[in-house]
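Peer 1: Okay, here's the structure, questions in a sec.
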Amino acid sequence: DFQGSTMVTSNYIRLTPDQKSKQGALWNKIPCRVRNWEVQLNFKVTGTTRDLFGDGFAFWYTKERMEIGPVFGSKDYFSGLAIIGDTYSNHNTPNHQHPYLSAMVNNGSVSYDHDKDGKHTMLGGCQVQFRNMNHETWIAIRYENDKLTISHDMNNKRAWAPCFSTEGVKLPTGYYFGMSATTGDLSDAHDVISVKTYELDTVAGVPKEERPDIQPESEFIAPAPKEKKEESDRPSMSGIKTFLICLLVVLGIIVVGVIGIMIYQNQQENNRKRFY
């Protein structure tokens, strides 16, 4: 299924033309039921400008599908995985240049921060020059045994170059693959040439059953609201305890001081009696 500005041709699917304020998306109708998989994406991003262009595209593995939104053409607060090819720097990050390839996992509780280019929710990323290439450009998204690995071939070498990999990423089965792209005041044409999907073998000892009921999980997902409330209560309880301890210390000092004064006065009185 496709939506928005998407145009289907015999050679490619154009998610957005090289025009301002366009959004387009392409989604699989059938959910992915396997735990381990790999997707190889052949794409092309082209434009007429040299220095200013945008905004970018995203590959999705999410619970929701066919929902146009502000995150590179799809909805915010999504549940699942996003691989983002961001061509325009909103944050002017000194650590890397754009285009930039990154990943985000979400359980529906976190918003993608465009102003920071998703910096605080990024699992990992790498700088990749994929715009206006005269040869094929590829991205491989591999998810195997809760490990996410992103690779690319931007130099037409027919070999994968590593972008990043991270473990501890838990994704449910039964989510949908999709692609989306968007343009704003700046623009590019975003084309999908082909999408290849593979089921990966499950190693011995790892269950092969589907797991549709788990929540997407990774290091950068914010805790649920209840957990946030419990965490917010801890500093206030710690403050009360600190106050009580300080109060007891002050009272103890006062009591010791009073007793000391009484003993001193008693000793002085006894000394006067001896003198007389």
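The values are calculated or read from the model by the stated rules, or taken from the named source; none is laboratory data. All of these numbers come straight from a predicted model, not from anything done at the bench. Because the Cβ atoms are built from the backbone with ideal geometry, glycine has one as well, and the counts that use them run over all protein chains shown. All accessible areas refer to the heavy atoms of the entire protein, side chains included, with ligands and DNA or RNA removed. Shrake-Rupley method; radii C 1.70, N 1.55, O 1.52, S 1.80 Å.
Peer 1: Restricting everything to alpha-carbon atoms, can you work out Rg to Rh for the stretch 21-179 with a Kirkwood hydrodynamic radius?
Peer 2: Rg divided by Rh gives 0.93.
Peer 1: If you don't mind, another one. Given a 1.4 Å probe and the protein chains all in place, what does the accessible area of Val203 round to, in Å² to the nearest 10?
Peer 2: Per-residue accessible area (Val203): approximately 70 Å².
Peer 1: Report relative contact order for the chain in percent, whole number only (criteria: Cα-Cα under 8 Å, sequence separation at least 6).
Peer 2: On the way: 604 pairs, mean separation 76.3, N = 276.
28 percent.
Peer 1: Please calculate the 1.4 Å probe accessible area of Leu251, with all protein chains present, and give it to the nearest 10 Å².
Peer 2: Here the residue's solvent-accessible area equals roughly 90 Å².
Peer 1: A further question on this structure: Can you compute the FRET efficiency between Gln127 and Thr202 using 1/(1 + (r/R0)^6), with r the Cβ-Cβ distance and R0 = 30 Å? Round to the nearest 0.05.
Peer 2: 0.35
Peer 1: Further, regarding this structure: Once neighbouring chains are kept in place and the probe is 1.4 Å, which whole percent of the accessible area of the chain is contributed by carbon and sulfur?
Peer 2: 53
Peer 1: Hey, what angle do you get for helix 225-275 against the long axis of the chain, alpha-carbon based, 0 to 90 degrees rounded to 10?
Peer 2: It is inclined by approximately 20 degrees.
Peer 1: Please give the FRET efficiency for Thr9 paired with Asn42, using the beta carbon to beta carbon distance and R0 = 22 Å, rounded to the nearest 0.05.
Peer 2: 0.90
Peer 1: Measuring with a 1.4 Å probe in the full set of protein chains, what accessible area per residue, in whole Å², belongs to the chain? Present the calculation step by step, with values, prior to reporting the outcome.
Peer 2: Details: 15700 Å² over 276 residues.
Computed with neighbouring chains in place, this is 57 Å² per residue.
Peer 1: Once you treat every alpha carbon in the stretch 130-179 as an equal point and sum by Debye, what is log10 I(q)/I(0) at q = 0.21, 0.25, 0.29 Å⁻¹?
Peer 2: Each listed q maps to, in turn, -0.83, -0.97, -1.09.
Peer 1: Would you kindly find the accessible area of Ile261, with a 1.4 Å probe and non-protein molecules such as ligands, DNA and RNA excluded, rounding to the nearest 10 Å²?
Peer 2: About 100 Å², ignoring ligands and nucleic acids.
Peer 1: Right, something else. How big is the dipole moment of the chain about its Cα centre under a simple scheme where the beta carbon of each Lys and Arg is +1, that of each Asp and Glu is -1, and everything else is neutral? Debye, nearest 20, please.
Peer 2: With Lys and Arg at +1 and Asp and Glu at -1, about 840 debye.
Peer 1: Still on this model: Relative contact order for the stretch 1-46 using alpha-carbon pairs under 8 Å, separation at least 6, rounded to a whole percent?
Peer 2: Contact order relative to length: 34 percent.
Peer 1: For Leu247 and Tyr77, FRET efficiency with R0 = 35 Å and r from the beta-carbon atoms, rounded to 0.05?
Peer 2: 0.20
Peer 1: Suppose only helical runs count, i.e. DSSP H with n ≥ 4. What mean residue ellipticity at 222 nm does that imply for the chain under -39500 (n - 2.57) per run, divided by all residues and rounded to the nearest 500 deg cm²/dmol?
Peer 2: Result for the chain, helices only: -7000 deg cm²/dmol.
Peer 1: For q values of 0.09, 0.12 Å⁻¹, compute log₁₀ I(q)/I(0) with the Debye formula on a Cα-only model of the chain, without solvent.
Peer 2: Cα-only, vacuum Debye calculation for the chain: -0.49, -0.76.
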